[in-house]
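The values are calculated or read from the model by the stated rules, or taken from the named source; none is laboratory data. Here the structure is a predicted model, which is why all the values come from computation and not from measurement. All Cβ positions, glycine included, derive from the backbone under ideal geometry; neighbour counts span all protein chains shown.
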Amino acid sequence: MNEHIEESDGETQQNPAALEQLRARISEVMTIENAQVEVDRAVAFSGRLRVEAEVAFDKLKTLFEEVGYVPLLRETGEKQIIVAIKGTLQAAFAERRWLNGLLLLATIVTTTFFGGLYASRIQTAAALSGLQVILQYGLPFSLTLLTILGVHELGHYVQARRHSLPVTLPYFIPAPFGVGTFGAFIQMRGAVENKRALFDVGVGGPIAGFLVALPLFVIGLLMSTVTNTPAPLNRSLLVEGIIALFRPEAMTNGLLLNPVLLAARFGLIITAVNLLPVGQLDGGHIAYAALGRRWTSWIGYATIAIMAILGVTSSPTWFIWLAFALLSGIQHAAPLNDITPLDTRRNVAFLATAMLFLSLFTAQPF
């Protein structure tokens, strides 16, 4: 989630009238102690807000729009800073729904074949025809997994639209190996206004995906066959609890993973990985909104170190997720209003989300 500000012509540094216009508007919400031109199109005013940050931002957003500026609210020590940036908050973008649909169809094909092939190899060593793989394993696996991934991204989409953020429909990523997909994502084309919006958008995906993955996991569990092999040691606390509730006979024994159970298990693992509190992952957005930049930065570096250690000691899969986290960026863009904290309801939701992550976490997911 990166701030997006569309630049326009004009140089505040060479326009004293524009500076006075900004000062007059900012003085309505702040006792100004200092003003400094940072770059040609940005001016920083420092002082003390006379109203709540949320009220100040909402008022400045309207006042600045009249003169072609965007406000940023920051805090350093006991002082607040309002940065006025020349430009508009959101840039128009063209939706390419045909591309969303094309990628979805391609991912249905790849997850049906490659995911079905993966699922069939878990259950049997017998040679199967392509049609058998598709009908018996591929379709149930694909429908289960893509439903979880799709609802996850739609959770982000709904929350983004609720906060008036321009956002694309989900883009699914097909893959010609493994389970047939690298997942899905949406793109936001505007700046997040405050931490509450950032939290809602970040948490909306994992919670929505989890609420679908959980019942599908139970359905797959009820359809599964208990084996004579010992129970694996990599079950998460939540999975152990679900098995104890619905299939207690499998507490000490392994399970033969059917396509639905396998895909739902992937869905739960994806939820846990997305909740890792680092960078551009959903957990990184959630942590930033709840804890702020400083704590999130330290927690993010600690998470990266733990992922590297787990890659060596538990599962090389952690290196894949570590690479993804690093490539997507470990620094987090601040919302426009970086002062207003989460409310009580969202703080409770943050603690509940942290507990969900701990219940889903396993050092050796595969």
TODO: Of all residues in region 170-225, count the ones that are of a type outside the set (A, V, I, L, M) and over 20 Å from Leu275 (Cβ atoms).
DONE: 15
TODO: Kindly check whether there is at least one residue in region 307-329 that is within 30 Å of Val226 (Cβ to Cβ) and aliphatic (A, V, I, L, M).
DONE: yes
TODO: Sort through Leu146, Leu165, Leu154 and tell me the only one that's surrounded by fewer than 24 Cβ atoms within 10 Å (Cβ to Cβ), of a type in the set (A, V, I, L, M, F, W, C), within 13 Å of Ile108 (Cβ to Cβ) and touching a residue at least 12 places away in the same chain (Cβ under 8 Å).
DONE: Leu146
Task: When residues of region 185-207 are limited to those that are touching a residue at least 60 places away in the same chain (Cβ under 8 Å) and part of a strand (DSSP E or B), the one surrounded by the fewest Cβ atoms within 10 Å (Cβ to Cβ) - done: Met188
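Quick grid of which residues meet (1) free of Cβ contacts under 8 Å to residues at least 40 places away in the same chain; (2) crowded, with 23+ Cβ neighbours inside 10 Å; (3) not aromatic (Phe, Trp, Tyr):
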position	(1), (2), (3)
Ala272	no, no, yes
Asp282	no, yes, yes
His285	no, yes, yes
Trp298	yes, no, no
Leu322	yes, no, yes
Leu327	yes, no, yes
Task: Residue under evaluation Arg161, criteria (1) touching a helix residue (DSSP H, G or I) at 6+ places or on another chain (Cβ under 7 Å); (2) assigned to a helix (DSSP H, G or I), criterion not met - done: (1)
Open item on the list: Which condition from (1) part of a helix (DSSP H, G or I); (2) over 32 Å from the mean Cα position of the chain (by Cα); (3) modelled with pLDDT of 90 or more is the one that Ala106 breaks?
Closed with: (2)
Open item on the list: I need a count of the residues in region 319-343 that are more than 18 Å from Ala287 (Cβ to Cβ) and either under 18 Å from the mean Cα position of the chain (by Cα) or of a type in the set (Ser, Thr, Tyr) (or both).
Closed with: 3
TODO: Give region 36-69 a look and list any residue that's of a type in the set (Val, Ile, Thr), outside any strand (DSSP E or B) and in contact (Cβ under 8 Å) with a residue 12 or more places away in the chain, or say none.
DONE: Val51, Val55, Val67
TODO: Could you grab me the full set of residues in region 249-293 that are under 20 Å from Val218 (Cβ atoms) and acidic (Asp, Glu)?
DONE: Glu249
TODO: Would you check which residues across region 304-340 are within 19 Å of Ala272 (Cβ to Cβ) and assigned to a loop (DSSP other than H, G, I, E, B) and list them?
DONE: Ser314, Ser315, Pro316, Ile330
Open item on the list: Could you go through region 276-284 and let me know if any residue there is in the same structural domain as Arg235 (by TED's automatic domain parsing), part of a helix (DSSP H, G or I) and aliphatic (A, V, I, L, M).
Closed with: no
TODO: Please find, within region 239-269, the residue that is farthest from Leu146 (Cα to Cα) out of those that are surrounded by fewer than 20 Cβ atoms within 10 Å (Cβ to Cβ) and of a type in the set (D, E, K, R).
DONE: Glu249
Open item on the list: Restricting to region 231-251, count the residues that are at pLDDT 90 or above and either under 21 Å from Gln123 (Cβ atoms) or not assigned by TED's automatic domain parsing to the domain that holds Pro140 (or both).
Closed with: 8
- [ ] Identify the single condition in (1) over 29 Å from the mean Cα position of the chain (by Cα); (2) at pLDDT below 90 that Ser46 does not satisfy, given that it satisfies every other one.
- [x] (2)
Task: Hits in region 341-363 (condition: out of contact with any Phe, Trp or Tyr (no Cβ under 9 Å at 6 or more places or on another chain) and either under 24 Å from Lys59 (Cα atoms) or not in a helix (DSSP H, G or I) (or both)) - done: Pro341, Asp343, Thr344, Phe361, Thr362
Task: Selection count, region 70-90, where residues are without any contact (Cβ under 8 Å) to a residue 12 or more places away in the chain and of a type in the set (A, V, I, L, M) - done: 0
